[in-house]
Every structure is written in structure tokens, then in C-alpha cells.
1. Using amide H atoms built 1.01 Å from N in the peptide plane, name the residues 5+ places from Arg178, or on other chains, whose amide H lies under 5 Å from its own.
2. Using only the Cα atoms of region 101-200, build the gyration tensor, take square roots of its eigenvalues as a ≥ b ≥ c, and label the shape rounded, prolate or oblate: rounded if a/c is under 1.5, else prolate if a/b is larger than b/c, else oblate.
3. Among the lysines, which have Cα under 28 Å from the Cα of Lys149 when same-chain residues fewer than 8 positions away are ignored?
4. In whole Å, how far is the Cα centre of region 156-179 from that of region 54-69?
5. Kindly put Tyr198, Tyr183 in sequence by how many other C-beta atoms sit within 10 Å of each C-beta, fewest to most.
6. Any idea how far apart Asp186 and Thr41 come out in nm if each label point goes 7 Å out from Cα toward Cβ?
7. If you rank Ile197, Ile155, Ile140 by fewest surrounding Cβ atoms within 10 Å, what's the result?
8. What is the gain in length, in nm to one decimal, between Ala175 and Asp194 on full extension, counting 0.36 nm per residue of separation less the C-alpha to C-alpha distance?
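What follows draws every value from the coordinates through simple rules; no lab data is involved. Note that this is a predicted model, so its numbers are computed, not measured. Heads up, the Cβs are rebuilt from the backbone with ideal geometry, glycines too, and the neighbour counts pull from every protein chain shown.
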Amino acid sequence: MSIFSRRLFGFGLVSAFVTMALPAFAALTPPVKPRFLGQTTVFKGKRYTCIKGKSKGKTVLIWDSGKAIAVASPSASRTPTPSPSSSPTASREPIVTSKIEILVAKSSDVPNNSTKSFVAKNRYGNETTYILARNSENLIAMDATCPHKGCIVGIAPEGLLCPCHSALFDPKNGAVLRGPASYALDRLAVREVDNVIYITD
């Protein structure tokens, strides 16, 4: 076999290895699409959290790089001296699971027959945009995150408009008026006490 043939053969082996390895590298993030900030999922021994990121100049929802989940040893209870790494690793990052009430506006900020948007910190400490709409009968609250690609919808004359792909939502209830979004905006519990508006998120 000539030197040229051996080099060609070696190049073919390297190419085959890269082709087989690429799918493994492609699946380094969860296959589930993130829907809202602070959302968590477990994939391949890591806990991933949904954060804001940039793609082609647009703000989108993406998974972070993930944090390894500590696995407790089954023999830990029988060992008189616990492993120094098991306890701190398991308790170093608290996981928020319960929803909280968030003060978002004064009652006077949302007059009758109006729709307003407000920014407040959610239960994960992340700034989130919320939409409040009041009519003669009730007050409703919605998360302004578009369920299509995670962009923040804005208030437009025709309704609640997503700036990324022009999905349109009904300001009265968050229902989809025009795609590409397939789901309504998330509705949130809201209450008004002493001229202050609280939402639960």
C-alpha cells in the first residue's frame, strides 16, 4: 500500500469516527423545549434551568449549561463517618418549588378597560414581564412570555403582539388570535387588596 493510500485510509477512519461521535455531542442539552424562565429539567444526570439567551439578535429561552446532581451513596447510612462531599453538594443550591405572591402594580395603574404591562421578579428572582387587563367585570393577569419561542409580547392596537414571529393574543384572556403560537398566554392568579395588585407566580 502506498503512502498516499495509507493517508487516505487513515483520513477515512477519522471521518467515520467523527460522524459516529457527532450525534452524541449534539444531545448535550435537554430535548425538551424550555417554556418559561426558571423552569428546570433533569437530563443525563444534570439539572438544567431555563434562562434568557440570544439567537440571531433575538432574546430567546434556552437551557443553561446544567449542574451535576449529587447521588447519595446507598451505604452512607451504614458508614459511621459521612463522606465530606455528599452533604454540601446536595444542599448548596435550594430548589424553589412553591409559587409566591408578587406585588406588581397599584390599582390606579390599571384603570377600567385598559391593558398594561409590568416587570417584576418571579419566585426565582428573575425579572419577568406580566400583563394586567381590566374590564368592567374583572381583572386578569398573564405572563407576557410567548409560548412559541419565548419572546416577550407587547401591547399593540390589534392585541398582544409577539415581536419575533407576529403571533397575536387576545388581551381579554390571552387566547391565540394568530399563529405561529399554538398555546394561549399563561394566566396567573391575581388579587387586589388595599389598592394594590398581587399576582401568584
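1. Leu168
2. Oblate, because a/c is 1.5 or more while a/b does not exceed b/c.
3. Reachable lysines: Lys33, Lys44, Lys46, Lys52, Lys54, Lys56, Lys58, Lys67, Lys99, Lys116, Lys121, Lys172.
4. One Cα centre to the other: 25 Å.
5. Tyr183, Tyr198
6. According to this spin-label approximation, the distance is 1.4 nm.
7. Ile155, Ile140, Ile197
8. Values: separation 19, 0.36 × 19 = 6.84 nm, distance 2.98 nm.
Gain on extension, Ala175 to Asp194, equals 3.9 nm.
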